[in-house]
1. Would it be correct to say that B:G250 is outside any helix (DSSP H, G or I), within 14 Å of chain A (Cβ to nearest Cβ) and farther than 17 Å from B:G144 by Cβ?
2. Take B:G268 and decide whether it is surrounded by fewer than 21 Cβ atoms within 10 Å (Cβ to Cβ) and away from chain A (no Cβ under 14 Å).
3. Only one residue in B:G122, B:G151 is surrounded by fewer than 21 Cβ atoms within 10 Å (Cβ to Cβ) and within 16 Å of B:I173 (Cβ to Cβ), so which one is that?
4. Looking at the structure I just gave you, is A:V192 over 28 Å from B:T247 (Cβ atoms), open to solvent by less than 20 Å² (accessible area, probe 1.4 Å) and touching a helix residue (DSSP H, G or I) at 6+ places or on another chain (Cβ under 7 Å)?
5. For A:R86, all conditions in the list (1) within 16 Å of ligand 2 (Cβ to nearest atom); (2) surrounded by fewer than 24 Cβ atoms within 10 Å (Cβ to Cβ); (3) among the basic types (K, R) hold save one; what is the number of the exception?
6. Would you mind telling me which numbered condition in (1) under 19 Å from A:K42 (Cα atoms); (2) modelled with pLDDT under 95; (3) assigned to a helix (DSSP H, G or I); (4) within 10 Å of chain B (Cβ to nearest Cβ) A:L198 fails?
7. Taking the condition within 13 Å of ligand 2 (Cβ to nearest atom), at the interface with another protein chain (Cβ under 9 Å from one of its Cβ atoms) and surrounded by fewer than 17 Cβ atoms within 10 Å (Cβ to Cβ), does A:N8 pass?
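The values are calculated or read from the model by the stated rules, or taken from the named source; none is laboratory data. Small disclaimer: the values here were computed from a predicted structure and weren't measured. Quick reminder, even Gly has a Cβ in these numbers, built from the backbone with ideal geometry, and neighbours come from all protein chains shown. Calculation scope for accessible area: heavy atoms of the full protein, side chains included, ligands and nucleic acids excluded. Shrake-Rupley method; radii C 1.70, N 1.55, O 1.52, S 1.80 Å.
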Amino acid sequence: MSLLSVRNLHVAYGAIQAVRGINLDIAAGERVCLIGSNGAGKTTTLKALARLLPAQGELHYDGHDLQRLPAHGLAKRGLALVPEGRGVFARLTVLENLLMGTYSRNSSKGEQEADVQRVFGLLPRLAERAQQLAGTLSGGEQQMLAIGRALMSHPKLLLLDEPSMGLAPIMVQKIFDVIRSVTEQGVTLLLVEQNAHLALSLCSRGYVLSNGCITMQDDSKALLANPQVQATYLGMHMA
Amino acid sequence: MCRPYATPLHPPLLYQKPDKPGINALPVKRPNVVKLREQLIPLIIDLAVVLVFLPNATNSRMDIFLQQIVNGLVLGSIYALVALGYTMVYGLLGLINFAHGEVVMVGAMVALSVINFGLANGWPLPLAVLLATASAMLCCMALGWLIERVGYRPLRHAPRLAPLISAIGISIILQQLMMLIWGSTYRPFPALFNSEPHVVLGASITDLQILIIVLAAATMGGLMLLVQRTRFGRAMRATAENPAIATLMGVNTNRVIALTFMLGSALGALAGVMVSANYAIAHFSMGFMLGLKAFTAAVLGGIGNLAGAVVGGLLLGLIEALCSGYISDLTGGMFGSNYRDVFAFLVLILVLIFRPSGLMGEKVAERA
Ligand SMILES: Nc1ncnc2c1ncn2[C@@H]1O[C@H](COP(=O)(O)OP(=O)(O)O)[C@@H](O)[C@H]1O
Ligand SMILES: [Mg+2]
């Protein structure tokens, strides 16, 4: 039984067909990545899953027909998207951003405090900056905040859109360590990355998206060894 | 079945993102942190200069000057309450709700009817006033909800002119409707207090005026707490900044927007009751000028900024009272206080020319 199953997903921006009939299956507890070059349709796919874009196709998540849920109903059912570009609320403090992550839970003050401490334990940098406006954080700190905020909602399925984008390697390393430890506690992951090497070394399985279509899918080892993948997606990072 | 184009693996760099990413990008905004203190200090200095020199320059008496300050504070409290309605909606939607003045007028009219009904049926005055105010606020909340639902929501993604035209339409409908119901004559608003005004340092202030200032201050304080300290307030600020991300957090942004309209309308209704009580009059066209002036106050303070609306409202009230009080002296009797409405619009024009972001607004408007 898969936690997320996508059948024949189509997404268009007007006349532009950005995603053209893809299928995805992710079992609970899995770490799966979706790799592809710039403009392949990765972000579009995640936004469609989060119901931020109108889409066609069958989307099933944890026993729900996603097409029948409003976008604001997903957080409470454990589906969290950390969007491309982080999307922190720049004019809210770090703490307020985290509390926005518990919005859908409507939990008590005590529970909220416990959640905040749990995230601070995982991302100590945020604790130091709790009262600072999120807009004043560095890019890496904002990415940490975006992930921490998603974790505040106790997600079952975490959708991450290019968490490594624009970050120094050391920061990427830290963030991927956090992602790994979160998934080891049972959170299912769908990771979107242009950095294929990074993504495939974290995930057990990967899909290759090109031009709105899934062109390959295999376990990470096989994809890393695939000459076509090597030439197109792994070579790209040497350049 | 997914059918890729002829070459399944494209060279990655062929794909360029569009220049204007639109909904595709979720931008990271780095706002100018508005330093309240830095902004307020020059303001206070300016105000002090005006306060010290204006009475001397015109050789007027201190009591007249104080009287204008009292009048200005009363007027300013009312402008501030109405300005908050404009600024909250603008902050959330980037939309100027030009029908807001009419909501204020409806509030006054509803209150007038309830008070008259109550007095005719022998209710004690305080009860009549309380019920009148409460029903005005409730009616206006319903009206605010309706205006958003019918007048603005269907146009949320339309070109910017469309909601403006919609607002004008709503204003006309509301004015005409109120004229049909309450008639086109000026309606006397019963006196809520019968006591003599207090005389302080030669300036007189009525119980009603004290009540208006205190109630407005308390209401605005409550609003600030709501916005800064509560879960709903956080959702409101999050929605104002980025509705798509707020939705991801589980915020029903349509509900937040509807509730914000209702909140602004309730404040407007309260202001409407205050205006009518203070000037002892209500009229179907009273919302127009009041709305424009409160809008001016919101722009003066920096539209979209709640504290700005309060500061702008009070400042505009003081400017208007002082200028109309002294214009006759200053111009050697050429212009009288009947020019009072001119000053608000002079302020609006000057602000739009020299500081379009207002006193407390951020330098660059982030949401057009
Ligand atoms: N808002 C939009 N309007 C029109 N076209 C878009 C929009 N967003 C993305 N696209 C197009 O859809 C395609 C897929 O974009 P996207 O999903 O952002 O790619 P990726 O995340 O894989 O880099 C691209 O060709 C892009 O130009
Ligand atoms: Mg992308």
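1. Details: outside any helix (DSSP H, G or I): yes; within 14 Å of chain A (Cβ to nearest Cβ): yes; farther than 17 Å from B:G144 by Cβ: yes.
When the stated conditions are applied, B:G250 passes them.
2. Details: surrounded by fewer than 21 Cβ atoms within 10 Å (Cβ to Cβ): no; away from chain A (no Cβ under 14 Å): yes.
Taking the combined requirement at face value, the residue does not satisfy it.
3. On the way: B:G122 fails: within 16 Å of B:I173 (Cβ to Cβ).
The match here is B:G151.
4. Numbers: over 28 Å from B:T247 (Cβ atoms): no; open to solvent by less than 20 Å² (accessible area, probe 1.4 Å): yes; touching a helix residue (DSSP H, G or I) at 6+ places or on another chain (Cβ under 7 Å): yes.
No: the conditions fail for A:V192.
5. Going through (1) within 16 Å of ligand 2 (Cβ to nearest atom); (2) surrounded by fewer than 24 Cβ atoms within 10 Å (Cβ to Cβ); (3) among the basic types (K, R) one by one, A:R86 breaks only (2).
6. A:L198 satisfies all of (1) under 19 Å from A:K42 (Cα atoms); (2) modelled with pLDDT under 95; (3) assigned to a helix (DSSP H, G or I); (4) within 10 Å of chain B (Cβ to nearest Cβ) except (4).
7. Details: within 13 Å of ligand 2 (Cβ to nearest atom): no; at the interface with another protein chain (Cβ under 9 Å from one of its Cβ atoms): yes; surrounded by fewer than 17 Cβ atoms within 10 Å (Cβ to Cβ): yes.
So A:N8 does not fit the description; no.
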